[in-house]
1. Could you please find all residues in segment 160-177 being touching a residue at least 12 places away in the same chain (Cβ under 8 Å) and outside any loop (DSSP other than H, G, I, E, B)?
2. For residue 111, all conditions in the list (1) in contact with a helix residue (DSSP H, G or I) (Cβ under 6 Å, 6 or more places away or on another chain); (2) modelled with pLDDT under 95; (3) not assigned by TED's automatic domain parsing to the domain that holds residue 252 hold save one; what is the number of the exception?
3. Might you check whether a residue that is of a type in the set (A, V, I, L, M, F, W, C), surrounded by 13 or more Cβ atoms within 10 Å (Cβ to Cβ) and at pLDDT 80 or above occurs anywhere in segment 280-296?
4. Quick one: in segment 268-286, of everything that is part of a helix (DSSP H, G or I) and not charged (D, E, K, R), which residue is nearest to residue 209 (Cα to Cα)?
5. For residues that are among the β-branched types (Val, Ile, Thr) and either over 26 Å from the mean Cα position of the chain (by Cα) or buried (at least 21 other Cβ atoms within 10 Å of the Cβ) (or both), tally how many sit in segment 67-102.
6. With closer than 18 Å to residue 207 by Cβ, modelled with pLDDT of 85 or more and of a type in the set (S, T, N, Q) as the only criterion, which of 156, 141 stands out?
7. Which residues, taken from segment 28-64, are hydrophobic (A, V, I, L, M, F, W, C) and either touching a residue at least 12 places away in the same chain (Cβ under 8 Å) or in a helix (DSSP H, G or I) (or both)?
8. Check 48, 43, 32 and return the single one that is of a type outside the set (Val, Ile, Thr) and at pLDDT below 95.
Amino acid sequence: MGCVDKDGAEAPLDACRLLTLHRELLVEQVKNTQCILDNLRMNGYFCNEDIEIIQRLTTKTEQVRKILELVQCKGEEASAYFIHILHQAYDAFIDLRPWFNTIHYKPAECVKDIPVINTDPISRYSEKLRQELSRDTQFLTSYSQKEETRLDELYTDTQMEILNEQGESLGLLKSLDEILGEEGVFNEQAETILITGDAGVGKSILLQKLQNLWSKRELNTRAKFLFTFRCRMFSTFKVTDEISVKDLIFKHNCYPDGDPDDEVFSYILRFPETVLFTFDGYDEIQINFDLENIPEVVSPEERTTRY
């Protein structure tokens, strides 16, 4: 993809032609128009009048067609920056990753240094979760001194041993990262990690440390979302209370902001491997489950009782 070079010579209009060639694919795959409009306006490619024209259209398909029409009318650089937005705002346009591989994308020189701000609901919600967890996990309550102490000042590494299904030792873990890593794992298909130990050895603090590291992007995991639960809360639910998975994760953590199309929850359903749940105090669940009579729920948005 080229633009006008420093000497004023016009390079081939690769970006404009690319948009024309793949127009229908882009119209079908691009769903988040707000992130595109935010960046085009912020960097001077679109004016307020352009934004108003697009937002008056009722469907996403119509809006994407109009955006494509306008960026191509504004020239090669605007078209190149449009493609650059799609590439840099990774979470917002996840469905376009195969397309970028197919076209062997490299950003044009004229736009590669222009910033792209990812304003899509998925990225904003992930950041909101990190901020909430950072605030909630940075302090520990000291019962002896009846005051809060910073987690980093009190936390000490715990000796952790990994056991197989027969309870046989597979060795010690060297760091917290290995809890979520592949080293020492005896069941690569497993989706649950159970941390056990005597009362008072620091299981809850270890879990809090993991949450704090994730909030600071210092934990070796690809999880975009981390939802935390204290198991004792499940005992407070009434038998008649009905709640869905969607209610559970948002109500007991935090809700997405500015997500009218429910993109966050749709992303979670499509990419469950990007979600991490932590449950503290498993032994505090005071509910007698009848495993043979647990109702089947086929939709994560369908509500059911605790039995």
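The values are calculated or read from the model by the stated rules, or taken from the named source; none is laboratory data. What you see is a predicted model; the values in this text were computed from it and never measured. Cβ coordinates were reconstructed from backbone atoms using ideal geometry, including for glycine residues, and neighbour counts include every protein chain displayed.
1. 160, 161, 162, 170, 171, 172, 173, 177
2. Looking at each condition in turn, residue 111 falls short on (2).
3. no
4. Restricting attention to segment 268-286, the residues satisfying the condition of being part of a helix (DSSP H, G or I) are 268-270, 272-274, 282-284.
Subsequent filtering for residues that are not charged (D, E, K, R) retains 268-269, 272, 274, 282.
Working: 268: 24, 269: 27, 272: 23, 274: 19, 282: 18 Å.
So, considering only residues that are part of a helix (DSSP H, G or I) and not charged (D, E, K, R), the one nearest to residue 209 (Cα to Cα) is 282.
5. 4
6. Result of the check over 156, 141: 156.
7. Step one: list which residues in segment 28-64 are hydrophobic (A, V, I, L, M, F, W, C), which gives 30, 35-37, 40, 42, 46-47, 51, 53-54, 57, 64.
Selection gives 30, 35, 36, 37, 40, 42, 46, 51, 53, 54, 64.
8. Working: 48 fails: at pLDDT below 95; 43 fails: at pLDDT below 95.
Going through 48, 43, 32 in turn, just one is of a type outside the set (Val, Ile, Thr) and at pLDDT below 95: 32.
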